[in-house]
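Chemist: The structure under discussion is supplied below as structure tokens; questions concerning it will follow.
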Amino acid sequence: MYFSEFGFDDDLMDGIDAMGYETATPVQEQVIPHIISGKDIIAAAQTGTGKTAAFLLPVLHRLLSEPHDDKSVNALIIVPTRELAIQIAQTLEGITYYTSVSFVSVYGGTGGASFASERKALETGVDIAICTPGRMISHLNMGYVKLDGLKYLILDEADRMLDMGFFDDIVKIISYLPKERQNLLFSATMPPAIRKLAAGILHKPEEINIAISKPPEQIAQGAYWVYEPQKIPLVKHVLQQKEFGSVLIFCSSKLSVRKLYDELRRSKFPVGNIQSDLEQAQREQVLIDFKSGKTKILVATDILSRGIDIEDIDLVINYDVPHDGEDYVHRIGRTARAATKGTAITFVTEKEQFKFHKIEELIGKEVTRHTVPEQFGATPAIDPKKDSRPKKRKNFKKKSGPKR
Ligand code: AMP
């Protein structure tokens, strides 16, 4: 479906053309008409599906074509991370270039001047505010945020927000909003906690499911069964085997990120790292360096993985097995964009092999087992179906679980 078929405002169409969008992605095709007709939405869609434009375009169209209160915030987009807020603001900047729409990003980690300019926009009225929960609450607590005319609430990456413990903050922010409004919830996964949140917020929502449950065929997926101390030398080995354009390495903790980053740097690899200890400005610089090709390798914690929209990755290494299958698909989907061939490698320890087996079940295929070169010594036996998670946890669950 071509964007010209949605009947968007002319100035908005100019922005869409300037962004180079021609045809709508599946999520856009399904979501846009419902938003224009005023429906609430719950959509399972991940980064990379075009979900951002799926909610921005119809909301912008309505802001441009319907009367609205210019002394109030009109649309509020709540996101889990600063990176995602910045990314949405960048997309907005492009699509609204030919319009008079105003927007502000509201996130922590910036200085007093930013806080003051956020305050000004929230106090005097702005079409769209993109915020992280904590920072928005800081403003709300001061009592000056004008929300009387708010018409649209968007929760983006809602599952990630709940993972990060923002449930209460979201509920609190919503308590400040007018009851009459349109609600749009986007989430990569739909665990029960999301259903619970949705039940409390959405009104007769349209359900849209665009979750990618299988990675594209052209990604060469492989796994190494390893012991923890073998991981760093093996990363170096993999990186030396072939000339990769850009490489993204995901670790499950910031400690692993730092350790791996330090080791790679010491070995003179062009590497950057991104984790929550970095200041906002440092994180932005790391992303700029990576996107421009100055650093070819980026080591990141998984919490930040969804907020980073970087395309054209040649190799993704899962230094640890991702938490769930959706995360796995999401991460490796960063390679092989636009029909190019990508490579994804996962390190699996004995403890993680059951989790990896579950991922293989979800994607419906066995990932190629690579042999660890001999010089690395003995490796764990491959027995993916063996559930070697500590027994204690199971007992604990049984005892403390609800009585049925
Ligand atoms: P998202 O899933 O929102 O993170 O979007 C992923 C990428 O796709 C972003 O770089 C967007 O600019 C781009 N994109 C979104 N919609 C379209 C479209 N209809 N055609 C081409 N690119 C798009």
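The values are calculated or read from the model by the stated rules, or taken from the named source; none is laboratory data. Model, not experiment: these values are computed from the prediction. In this analysis, Cβ positions are derived from the backbone assuming ideal geometry, glycine residues included, and neighbour counts consider all displayed protein chains. Surface areas here come from the heavy atoms of the whole protein model, side chains and all, with no ligands, DNA or RNA. Shrake-Rupley method; radii C 1.70, N 1.55, O 1.52, S 1.80 Å.
Chemist: So, in the range 7-17, exactly how many residues are out of contact with any Gly (no Cβ under 7 Å at 6 or more places or on another chain), surrounded by 21 or more Cβ atoms within 10 Å (Cβ to Cβ) and part of a helix (DSSP H, G or I)? Please lay out each step first, then the result.
Modeler: Restricting attention to the range 7-17, the residues satisfying the condition of being out of contact with any Gly (no Cβ under 7 Å at 6 or more places or on another chain) are 7-14, 16-17.
Next cut, surrounded by 21 or more Cβ atoms within 10 Å (Cβ to Cβ) only: 8, 12, 16.
Then drop every residue that is not part of a helix (DSSP H, G or I), which leaves 12, 16.
Residues in the range 7-17 being out of contact with any Gly (no Cβ under 7 Å at 6 or more places or on another chain), surrounded by 21 or more Cβ atoms within 10 Å (Cβ to Cβ) and part of a helix (DSSP H, G or I): 2 in total.
Chemist: Among (1) modelled with pLDDT of 95 or more; (2) touching a strand residue (DSSP E or B) at 6+ places or on another chain (Cβ under 7 Å), which single condition is ASP169 missing?
Modeler: Checking ASP169 against (1) modelled with pLDDT of 95 or more; (2) touching a strand residue (DSSP E or B) at 6+ places or on another chain (Cβ under 7 Å), the one that fails is (2).
Chemist: Spot the failing condition for GLY20; the list is (1) within 30 Å of TYR144 (Cβ to Cβ); (2) open to solvent by 10 Å² or more (accessible area, probe 1.4 Å); (3) within 9 Å of the ligand (Cβ to nearest atom); (4) not polar (S, T, N, Q), and only one is missed.
Modeler: Going through (1) within 30 Å of TYR144 (Cβ to Cβ); (2) open to solvent by 10 Å² or more (accessible area, probe 1.4 Å); (3) within 9 Å of the ligand (Cβ to nearest atom); (4) not polar (S, T, N, Q) one by one, GLY20 breaks only (1).
Chemist: What number of residues within the range 86-108 are under 18 Å from LEU140 (Cα atoms) and crowded, with 17+ Cβ neighbours inside 10 Å? First the steps, then the outcome.
Modeler: Step one: list which residues in the range 86-108 are under 18 Å from LEU140 (Cα atoms), which gives 103-108.
Adding the requirement that they be crowded, with 17+ Cβ neighbours inside 10 Å leaves 103-107.
Residues meeting the conditions: 5.
Chemist: Could we say that TYR2 is more than 24 Å from GLU180 (Cα to Cα), open to solvent by less than 70 Å² (accessible area, probe 1.4 Å) and of a type outside the set (Gly, Ala, Ser) here? Before you say what the answer is, go through the steps one by one.
Modeler: Working: more than 24 Å from GLU180 (Cα to Cα): yes; open to solvent by less than 70 Å² (accessible area, probe 1.4 Å): no; of a type outside the set (Gly, Ala, Ser): yes.
Taking the combined requirement at face value, the residue does not satisfy it.
Chemist: Continuing with this model, one more query. Looking only at the range 57-67, decide whether some residue is modelled with pLDDT of 95 or more, touching a Pro at 6+ places or on another chain (Cβ under 9 Å) and not polar (S, T, N, Q).
Modeler: Step one: filter the range 57-67 for residues modelled with pLDDT of 95 or more, giving 57-66.
If we keep only those that are touching a Pro at 6+ places or on another chain (Cβ under 9 Å) too, we end up with 58.
From the residues that got through so far, the ones that are not polar (S, T, N, Q) too are 58.
Checked the range 57-67: at least one residue is modelled with pLDDT of 95 or more, touching a Pro at 6+ places or on another chain (Cβ under 9 Å) and not polar (S, T, N, Q).
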